[in-house]
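All remarks here apply to the structure that follows.
FYI, it's all coordinate maths here, none of it is from the lab. Worth saying up front: this structure is predicted, and the values here are computed from it rather than measured. Note that each Cβ is placed from the backbone with ideal geometry, even for glycine, and that neighbours are counted across all protein chains shown.
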Amino acid sequence: GDDLLGTILELETVNIQRKFPNVLVLSVQEKRTVAFWCKESRCFALDKEGVAFKGADSSPDFVMIGSLREAPENLGEIVVTKDALFAVLDFSRELKRRSLLPGNEVSVSSFSIISEHQIDASISEGWSVYFTHTQDLSWQITKLQTVLENKIPPEKRRKLEYIDVRFGDQAYLKYR
């Protein structure tokens, strides 16, 4: 079973049962794509461990992640740490759950992992949110929610460059 998992990267689990007298029952489960990692025109499907397990075309149904690192030489490489991947997925889910972006026309177009301490969420209106997976994500999203609801009217968002929610109790804004 482990040989198959090492050879066929798209498999999550392999179970082999022997049924007497001479039957083998092989059951496999394919990996699920949880996000796409893209660099220039190359995209890879990521599993829940942040491993690039197959080349793929991006899809609007999944989170898009990019980073400064080079495209993997071989499939099977970890391209996003598990902590960063979970932070991106949680951030994306919480934005939707809390309805922080107005209507269906505004969304996160992609995430970029800049460093160990900075992930950028690019918002389709042309501005970004800087957050980190090394601090309390829920608190960072709460700060973002407070700023969006109380400090930035929707008509001013188009002039916004970024909101940085990484530090302490503050959210820092920069306009163009």
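Descriptive notes on the structure:
- Where a residue in region 138-166 is within 18 Å of Arg98 (Cβ to Cβ) and its partner, wherever it lies, is of a type in the set (Asp, Glu), with Cβ under 7 Å and at least six apart: Ile141/Glu94; Arg157/Glu125
- Considering the conditions (1) closer than 22 Å to Arg42 by Cα; (2) under 17 Å from the mean Cα position of the chain (by Cα), Gly76 is excluded by exactly one of them, (2).
- Asp61 vs. criteria surrounded by fewer than 12 Cβ atoms within 10 Å (Cβ to Cβ) and under 14 Å from the mean Cα position of the chain (by Cα): yes
- Whichever residue in region 27-64 is of a type in the set (Lys, Arg) and part of a loop (DSSP other than H, G, I, E, B) and, among such residues, is nearest to Ile8 (Cα to Cα): Lys31
- Any chance Gly55 is surrounded by 14 or more Cβ atoms within 10 Å (Cβ to Cβ) and touching a residue at least 12 places away in the same chain (Cβ under 8 Å): no
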